[in-house]
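Visitor: Quick one: the structure is below, questions incoming.
The values are calculated or read from the model by the stated rules, or taken from the named source; none is laboratory data. Note that this is a predicted model, so its numbers are computed, not measured. Virtual Cβ from ideal backbone geometry, glycine too; neighbours counted across all protein chains shown. Please note that ligands, DNA and RNA were not included when accessible areas were found on the heavy atoms of the full protein model with its side chains. Shrake-Rupley method; radii C 1.70, N 1.55, O 1.52, S 1.80 Å.
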Amino acid sequence: MMRLHRFSLRRFSVFTLTVSYVALSIGILAVFAIPLSYAWEQTIEKGGMELLQEDTQRMEATFDEEGAQGLASIIDRRVGTQLVGEKILLLTDASYTRLDGNLPGWPRNLPGKAGTYEIALHLNSILVHAVLIHTVLPGGYHLVVGRDINRYNSLESYFFYGLTGAAAIVLLVGVLGGFMIRRTLLSKVSTMRQTALAIVEGDLSRRLPAQGGDDELELLALTVNRMLDQIEHLIHGVRNVSNAIAHDLRTPLTELRFRLEELSVGRPSLEITFAEIDGAVADVDRVIQIFNALLRLAEIDTGARRSGFVSVDMCNVANDIVEFYRPVAELKGINLRFQCAGKMALAGDPFLLAQAVGNLIDNALKYAQENGSIQVEVVRGGRGVIDLTVADDGPGIPDEEKPKVSKRFYRGDASRGTPGVGLGLSLVNAVAELHGGALILRDNAPGLRATLRLFPTAKQRDL
């Protein structure tokens, strides 16, 4: 278990973030130090050598012009005015006897041959590591010009210590920051885990704690809470649908059982028996109607019917359905009118569109007044929208019920005494959504205006 625990810590995202932060910070320090080190080498070390060479050349020119006495005089003034140990200067004769300079005599480990050397020597009773340029002048005189290499060692040490300290601080801050971030994240993840476990155990009302901030975890919590709200809504919807199915199936199945029981017990005459059989067939048809509607809604919800979309003229579809229902309207004394201006083409499923229009007209025929009227019209709106409207003069639907009537198995107070299972407008709404549209319900004063709003193509809908 300990091995798995350690492995999980290494795989934890905060650990990766911490390592990445420390590595990046140290990389930035390295990027800063490398060019600075290069600049130090070019400016201090090579620049120092160039200055030594220039000083040597100037003193050689002075010797050529003023001789040994003139050069000795200049060296004496330089030694008197410069900082202690700033430059190493020495002028001797051919026998290495000191004529002037800040060295007490010829260094024992300095060769007599002209050249550039790095040696250790005593300067003002202090042992220094120096670079010297030895030049042999005319007449056998010897000129030594040099500088202390260790003069800037303290500055290099300070830079190194500062760089090391910065790296240590970055490492410490990275580790502590990673620990604090990990602790905070694990605390919030633990809360999320407890909430998720409660939801798994059946408490669908539980939500992730969210203070409404704008950090990533708060946004994640808000998103998950919205998802949980939708899941709870869907689960309650499934429960309501299950209850509604059970309720709507119970009535025809109860009637069917009662009819069959009456036939089995009473043994009536053939005429009554066949009448009861016809009633039983009607009850079975109601059950089949419910299941067919549910299967059709399930098929629409999956979007599988989109693959069969073809070009459909809504004017022709609506006209065919109006003609189909016109005899029924005439029997009820209802004036069924139809109006369409021109061709209204769109990509869709002609069977489903025809069924949606039929449901709207059938619904209007149920609630229209005796000797009333129903107006069916197809018009084209802005952005190519096609509106198919069925308007009746019945009791209409109250505003508070309009958002509910498209839910499955919902039946308002006005529809309690009429036949149906509460799936007609649900099917219309599902067909509208399948075609990227919507079902819009408005008052007709009196009555209801039900509009099936459709778009020619999904691309035009997104414009």
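Visitor: How far, in nm, would the chain grow between A166 and S264 when pulled straight, counting 0.36 nm per residue and subtracting the alpha carbon separation?
Guide: Full-extension gain reported as 25.5 nm.
Visitor: What distance in nm lies between label points placed 7 Å from Cα along the C-beta direction at S187 and D320?
Guide: Placing both labels 7 Å along Cα→Cβ, they lie 6.7 nm apart.
Visitor: Can you grab the distance from the C-alpha centre of region 138-213 to the C-alpha centre of region 58-100, Å, no decimals?
Guide: 55
Visitor: Loop only per DSSP, at most 16 neighbouring Cβ atoms within 10 Å: give me the trypsin sites (Lys or Arg not before Pro) in region 59-120, ordered by residue number.
Guide: R108, K113
Visitor: Just the number, please: carbon plus sulfur as a percent of the accessible area of region 75-199, 1.4 Å probe, no ligands or DNA/RNA counted.
Guide: With neighbouring chains kept in place, the figure for region 75-199 is 63 percent.
Visitor: Let me ask something else. Using r as the Cβ-Cβ distance of M227 and E271, and R0 as 51 Å, what FRET efficiency do you calculate, to the nearest 0.05?
Guide: Between M227 and E271 the formula returns 0.25.
Visitor: Taking the Cα-to-Cβ direction at A23 and at Q69 and moving 7 Å from each Cα, how far apart do the two end points lie in nm?
Guide: For the pair A23/Q69, the computed spacing is 7.4 nm.
Visitor: Then there is this: With a cap of 11 neighbouring Cβ atoms within 10 Å, and only residues DSSP puts in a loop, list the chymotrypsin sites (Phe, Trp or Tyr not before Pro) found in region 49-143.
Guide: Answer by residue number: there is no such site.
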